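Report on one structure; see the data block that follows.
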Amino acid sequence: MTSAIQKPGIVAVTPTYTQCTAADKFLAAAGGKYMLHYRNGATPTGILKITDQTSAAQAPAGASLAGGWADAVTVPASIPATTDAVVWIDVPARFKDGTGYVNLVHGTPTTLTVAIFGPF
């Protein structure tokens, strides 16, 4: 999804949305912050999360993000049909893998699209 990243400025940008798959990723600039604007069509989605790359160990049962563990669950249940959701990634280093990509996990993304804005 790297080629889909858009950077609005003083001149307006008409958002372009890309169809989501179960596992997507985009190349994140060092120190950049990103906004993901999800737009869902007719089918509710499953959970959406961003893979944490800083934890070496698997989170034990019952661990929570608030407790300092695991992936960032950006949408804990689902995005209902015909609904939008916005995710702000202010510390992308936490989510960048060894090649600089931020990995996104989209549950049941049948009609889910995303516009990625950044780096800011």
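Each reported figure results from applying straightforward, stated rules to the coordinates on display, with no laboratory input. Just so we're clear, the structure is a prediction, and the values are computed from it rather than from any experiment. Please note: Cβ atoms are built from the backbone with ideal geometry, for glycine as well, and neighbour counts cover all protein chains shown.
Straightening the chain between Val73 and Ile47 buys 8.6 nm, computed as 0.36 nm per residue apart minus the Cα-Cα spacing.
How do the peptides 97-109, 75-87 rank, highest first, by the average count of neighbouring beta carbon atoms within 10 Å per residue?
Values: 97-109: 17.1, 75-87: 14.2.
Put in order of decreasing packing, that is 97-109, 75-87.
Between Ala81 and Lys7, the modelled labels are 4.0 nm apart [label points 7 Å from Cα along Cα→Cβ]. Remark on segment 72-120: Rg and Dmax equal 12.2, 35 Å (Cα only).
Considering only Ala72, Ala12, Ala93, the Gaussian network model of the chain with Cα springs below 10 Å gives its largest mean-square fluctuation to Ala12.
Counting alpha carbon pairs within less than 8 Å and at least 6 residues apart, what relative contact order, in whole percent, applies to the chain? Don't skip to the end; give the middle numbers.
Values: 266 pairs, mean separation 56.7, N = 120.
Dividing the mean separation by the residue count of the chain yields 47 percent.
Classify the chain from the C-alpha gyration tensor, please: rounded if a/c falls under 1.5, else prolate or oblate depending on whether a/b exceeds b/c. Numbers along the way, then the final one.
Details: a/c = 2.01, a/b = 1.18, b/c = 1.70.
Oblate.
Dipole orientation for the chain: of the candidates Gln19, Ala4, Ile89, Ala4 has the Cα lying most toward the positive pole (charges on Cβ; Lys, Arg +1; Asp, Glu -1).
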